[in-house]
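Enquirer: First the structure, then my questions, so here it is.
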Amino acid sequence: MVSASDVKTLRERSGAGMMDCKNALQEANGDMEKASELLREKGLAAAVKKAGRIAAEGVVGSYIHMGGKIGVLVEVNCETDFVAKTDAFQAFVKDVAMHIAAANPMYVSEEEVDPAVLEKEKEILTAQALNEGKPANVVEKMVEGRIKKFKKEICLLDQPFVKDPDKTVQELVNDQVATIGEKISIRRFTRYEMGEGLEKRQDDFQKEVMEQAGL
């Protein structure tokens, strides 16, 4: 027999619906950890279906690097206010903000990349390839490959997650969709770096952020 308190605990932990939590606990014979895994597995299978749903709730999270050197504001959306208030969702948003502070992406996704930025980078990469003495007939293919790499480096969703480099930020989002059971999207962010644009000593901010996080 599954107790109401166990259902409530699992719901608060996962953000999943009450009936989903109840069914998972029944299937897991009351084992909270196994029920959480079942919810995650079912969520992964349903992630694609959730992609077209509306995510209009959420939070604006922030991260301030120790000493005030970097500040990040990020808007992450979900489907319900209930999920937005869960500890799991709040922790996810904080992780995203910390990643942005450390990795300094320029855009959320490749679709947002300014064509003018790509064109300028293409010019630079073409000049580099020619200066390396590469034959003109292979320069185009080389530049094409490097542009693809460049886009992945500057787009948040394609970057390796700083706390787990074997996983991209998009994969982190997918994991949260599976766990929480709602569509989640990172809508926008702003990153401020103290003295940005001014002549100053350049520090390894990513290293500092990781050290601060104890990683």
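Enquirer: SER14 is checked against (1) surrounded by 14 or more Cβ atoms within 10 Å (Cβ to Cβ); (2) polar (S, T, N, Q); (3) modelled with pLDDT of 70 or more and fails just one. What number does that condition carry?
Expert: SER14 satisfies every listed condition except (3).
Enquirer: Has region 148-166 got any residue that is farther than 30 Å from VAL83 by Cα and hydrophobic (A, V, I, L, M, F, W, C)?
Expert: Yes: region 148-166 contains one or more residues that are farther than 30 Å from VAL83 by Cα and hydrophobic (A, V, I, L, M, F, W, C).
Enquirer: Condition first: in contact with a Leu (Cβ under 9 Å, 6 or more places away or on another chain), farther than 14 Å from THR190 by Cα and not acidic (Asp, Glu). Now tell me which residues in region 64-107 satisfy that.
Expert: Of everything in region 64-107, just one residue is in contact with a Leu (Cβ under 9 Å, 6 or more places away or on another chain), farther than 14 Å from THR190 by Cα and not acidic (Asp, Glu), namely PHE92.
Enquirer: Can you confirm whether region 156-169 contains a residue that is farther than 25 Å from TYR63 by Cα, surrounded by 13 or more Cβ atoms within 10 Å (Cβ to Cβ) and touching a residue at least 12 places away in the same chain (Cβ under 8 Å)?
Expert: For region 156-169, residues farther than 25 Å from TYR63 by Cα, surrounded by 13 or more Cβ atoms within 10 Å (Cβ to Cβ) and touching a residue at least 12 places away in the same chain (Cβ under 8 Å): absent.
Enquirer: Across region 17-33, which residue is nearest to ASP175 (Cα to Cα) among those that are surrounded by fewer than 17 Cβ atoms within 10 Å (Cβ to Cβ) and modelled with pLDDT under 85?
Expert: Once the filter is applied, the top-ranked residue is GLY17.
Enquirer: When VAL72 is evaluated against the numbered criteria (1) crowded, with 18+ Cβ neighbours inside 10 Å; (2) closer than 21 Å to ALA178 by Cα, which criterion, by number, is the only one it fails?
Expert: (2)
Enquirer: Taking only region 88-103 into account, find how many residues are free of Cβ contacts under 8 Å to residues at least 60 places away in the same chain and either closer than 15 Å to THR168 by Cβ or within 8 Å of the chain's Cα centre (by Cα) (or both).
Expert: 0
Enquirer: Take ALA129 and tell me if it is over 12 Å from the mean Cα position of the chain (by Cα), buried (at least 19 other Cβ atoms within 10 Å of the Cβ) and not in a loop (DSSP other than H, G, I, E, B).
Expert: Judged against the criteria, ALA129 is a match.
Enquirer: Starting from region 186-199, keep only residues that are more than 12 Å from GLY71 (Cα to Cα) and of a type in the set (A, V, I, L, M, F, W, C), then list their pairs with residues that are part of a loop (DSSP other than H, G, I, E, B) and at pLDDT below 95 whose Cβ atoms are within a distance under 9 Å, requiring at least 6 positions of separation or different chains.
Expert: These pairs meet every condition: ILE186/SER109.
Enquirer: Among the residues of region 132-155, which ones are part of a helix (DSSP H, G or I), of a type outside the set (Gly, Ala, Ser) and either touching a residue at least 60 places away in the same chain (Cβ under 8 Å) or over 30 Å from ALA97 (Cβ atoms) (or both)?
Expert: Across region 132-155, the qualifying residues are ASN137, VAL138, VAL139, GLU140, LYS141, MET142, VAL143, GLU144.
Results for (1) in contact with an Asp or Glu (Cβ under 9 Å, 6 or more places away or on another chain); (2) part of a strand (DSSP E or B); (3) among the hydroxyl-bearing types (Ser, Thr, Tyr); (4) at pLDDT below 90, shown as yes or no for each residue.
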{"residue": "ALA35", "(1), (2), (3), (4)": "yes, no, no, yes"}
{"residue": "GLU41", "(1), (2), (3), (4)": "no, no, no, yes"}
{"residue": "ARG53", "(1), (2), (3), (4)": "yes, no, no, yes"}
{"residue": "VAL60", "(1), (2), (3), (4)": "yes, yes, no, no"}
{"residue": "LEU73", "(1), (2), (3), (4)": "no, yes, no, no"}
{"residue": "VAL76", "(1), (2), (3), (4)": "no, yes, no, no"}
{"residue": "ALA91", "(1), (2), (3), (4)": "no, no, no, no"}
{"residue": "PRO105", "(1), (2), (3), (4)": "yes, no, no, no"}
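The values are calculated or read from the model by the stated rules, or taken from the named source; none is laboratory data. All values derive from a computational prediction rather than experimental measurement. A quick note on method: Cβ atoms are made from the backbone with ideal geometry, for glycine too, and the neighbour counts reach across all protein chains shown.
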